[in-house]
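The structure appears below as structure tokens.
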Amino acid sequence: MKILWVKAGKLLPVDTGGKIRSFNILRHLAREHEVTLLSYYGGLRDPDYEAAIAQRLPGAQTIYTAAPEGWLAQSLDYILRLPSHAPYAVRKFTHPGVRRQVAQRLSDGSLDVAVCDFLAASLNFPENPAAHVILFQHNVETMLWQRMADTEKSALRKLSYHIEARKMARYETRTLQRFQHVIAVSDHDRDAMLTLSPGCPITVVPTGVDTEQYQVVPSASASPPLIVFTGSMDWEPNVDAMEYFCGEIWPAVLAGHPDARLQIVGRSPHPRVQRLASASVEVTGTVPSVTEYLRSATVVIVPLRIGGGTRLKIFEAMAMAKAMVSTSIGAEGLDVTPGHDLLIADNAAAFATSILQLLADPALRQTCEQNAAALAARYDWSQIARRFEEVLRDAAAAFRTGQA
């Protein structure tokens with residue numbers, strides 16, 4: 001197949017959940033198909049990125065959009081775009097040069113199928129394309145923005161999030177109907193999308209894990225206990241999770257284990273995260289690889305209260321045979337069994353109790369570790385990419401026969 005894949009923002013480094021999912025599917029598809037990644041990005045011009053992505057994914061094309069960079073420029077851009085009916089999270093990733101390139105590729109007869117990666121790129125696609133276009137929807141954006149609005153403490157940000165949530169609800173509903181097919185990452189997300197847009201064609205392709213990179217390691221000691229959280233630390237749901245954990249859960253863990261240590265591992269920690277650092281809390285910032293930190297972890301935590309899609313960090317830790325405690329939202333959409341593969345706790349007291357339980361009971365911890373590793377082994381990216389390929393092939397065939 002000849003596939004066009006359109007993604008807003010840089011795909012490298014592969015350091016966020018969406019990038020990990022897209023990159024791994026792309027690299028497997030490219031082994032057997034002619035795949036063109038169209039990666040467009042703003043900020044400062046980055047020739048190194050353009051060269052690197054062309055090397056990692058031969059045939060990749062880049063478009064530099066010179067989008068606003070920095071808090072002040074983006075704030076002004078947000079205000080100027082406030083009258084738009086489309087949410088800012090979509091409008092800011094819409095660019096005339098990208099629209100022209102996409103329209104040309106869709107109309108010249110050279111493609112079997114195109115993929116719009118995330119809702120952010122969707123306004124760059126024409127209303128009635130001459131080729132089959134699939135929306136790869138990693139999150140239910142309406143749900144994500146509403147959760148952010150509900151939990152935000154800053155009055156100004158809360159108002160902004162509510163405005164974006166309302167815009168997103170209208171836009172996402174219409175866009176789900178506009179694309180010929182949608183790929184969701186979980187049954188939970190599919191059901192939420194069908195609530196927004198009943199009848200839209202959706203197929204679920206679950207999240208995967210690189211089992212070569214994340215290999216099973218021996219159970220770590222609980223003396224002293226090491227609790228680990230991994231994620232992009234400039235992403236609001238992760239920032240909120242760490243503020244919640246350090247403020248409401250960590251003191252109870254320390255009361256039971258005064259020698260316990262917490263590592264917050266991830267790139268670009270927000271100042272709100274940096275302020276959490278203490279004698280018992282390490283904020284690492286960007287690291288070459290999270291695997292070394294996971295290797296040493298006694299317990300891995302996912303205390304998310306907001307977010308959408310599925311958390312790759314859970315499968316990564318599971319693949320390394322790590323005992324985990326997560327909120328329901330943290331494990332949302334994953335094929336996990338609470339109490340078997342991991343522990344689920346949705347309030348601060350229960351979360352702390354679950355961590356202390358795993359630390360106090362090595363047999364329970366090791367059982368969870370073994371079950372987690374067995375589950376993750378079923379979701380290697382090679383298997384996930386094969387399922388993605390089947391959806392693309394079926395969709396392209398249906399479009400050619402006029403059934404789409």
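Screening residue 69 against (1) surrounded by fewer than 17 Cβ atoms within 10 Å (Cβ to Cβ); (2) modelled with pLDDT of 95 or more; (3) charged (D, E, K, R) leaves a single unmet condition, (2). Figure legend. Inter-residue proximity from the stretch 48-69: first residues on the phi > 0 side of the Ramachandran plot, second residues crowded, with 16+ Cβ neighbours inside 10 Å, beta-carbon distance below 7 Å, spacing 6+ or different chains. Indicated pairs: 59/35; 59/36; 66/42.
Surrounded by fewer than 24 Cβ atoms within 10 Å (Cβ to Cβ), touching a Leu at 6+ places or on another chain (Cβ under 7 Å) and of a type in the set (Asp, Glu) - does that describe any residue in the stretch 346-367? No, because not a single residue in the stretch 346-367 is surrounded by fewer than 24 Cβ atoms within 10 Å (Cβ to Cβ), touching a Leu at 6+ places or on another chain (Cβ under 7 Å) and of a type in the set (Asp, Glu).
One residue stands out in the stretch 226-262 among those that are buried (at least 23 other Cβ atoms within 10 Å of the Cβ) and among the polar types (S, T, N, Q): the one that is nearest to residue 13 (Cα to Cα), namely 230. The set of residues in the stretch 38-92 being more than 30 Å from residue 26 (Cα to Cα) and of a type in the set (D, E, K, R) consists of 77, 81. Determine if the stretch 207-217 includes at least one residue that is at pLDDT 95 or above and loosely packed, with under 15 Cβ neighbours inside 10 Å. Yes, because at least one residue in the stretch 207-217 is at pLDDT 95 or above and loosely packed, with under 15 Cβ neighbours inside 10 Å.
Return the total of residues in the stretch 10-62 being touching a strand residue (DSSP E or B) at 6+ places or on another chain (Cβ under 6 Å) and exposed (fewer than 15 other Cβ atoms within 10 Å of the Cβ). Qualifying residue count, the stretch 10-62: 3.
The residues in the stretch 329-362 that are under 18 Å from the mean Cα position of the chain (by Cα) and either of a type in the set (Asp, Glu) or part of a helix (DSSP H, G or I) (or both) can be counted, and the count is 2.
For the stretch 224-235, the count of residues that are free of Cβ contacts under 8 Å to residues at least 60 places away in the same chain and either over 30 Å from residue 280 (Cα atoms) or among the hydroxyl-bearing types (Ser, Thr, Tyr) (or both) is zero. Among the residues of the stretch 234-265, which ones are at pLDDT 95 or above and either at positive phi or not in a helix (DSSP H, G or I) (or both)? Residues satisfying the conditions are 257, 258, 259, 260, 261, 262, 263, 264, 265. Does residue 112 meet the test of being surrounded by 14 or more Cβ atoms within 10 Å (Cβ to Cβ), touching a His at 6+ places or on another chain (Cβ under 8 Å) and in the same structural domain as residue 143 (by TED's automatic domain parsing)? Criteria met by residue 112. Is it the case that residue 140 is under 27 Å from residue 1 (Cβ atoms) and in contact (Cβ under 8 Å) with a residue 24 or more places away in the chain? Spelling it out, it is not the case that residue 140 is under 27 Å from residue 1 (Cβ atoms) and in contact (Cβ under 8 Å) with a residue 24 or more places away in the chain.
When we screen 265, 300, 325 for residues that are out of contact with any Gly (no Cβ under 7 Å at 6 or more places or on another chain), crowded, with 21+ Cβ neighbours inside 10 Å and touching a residue at least 40 places away in the same chain (Cβ under 8 Å), the only hit is 300. The residues in the stretch 305-328 that are in a loop (DSSP other than H, G, I, E, B), modelled with pLDDT of 95 or more and hydrophobic (A, V, I, L, M, F, W, C) can be counted, and the count is 3.
The values are calculated or read from the model by the stated rules, or taken from the named source; none is laboratory data. Since this is a predicted model, take the numbers as computed values, not measurements. Glycine gets a Cβ as well: all are built from the backbone with ideal geometry, and neighbour counts include every protein chain shown.
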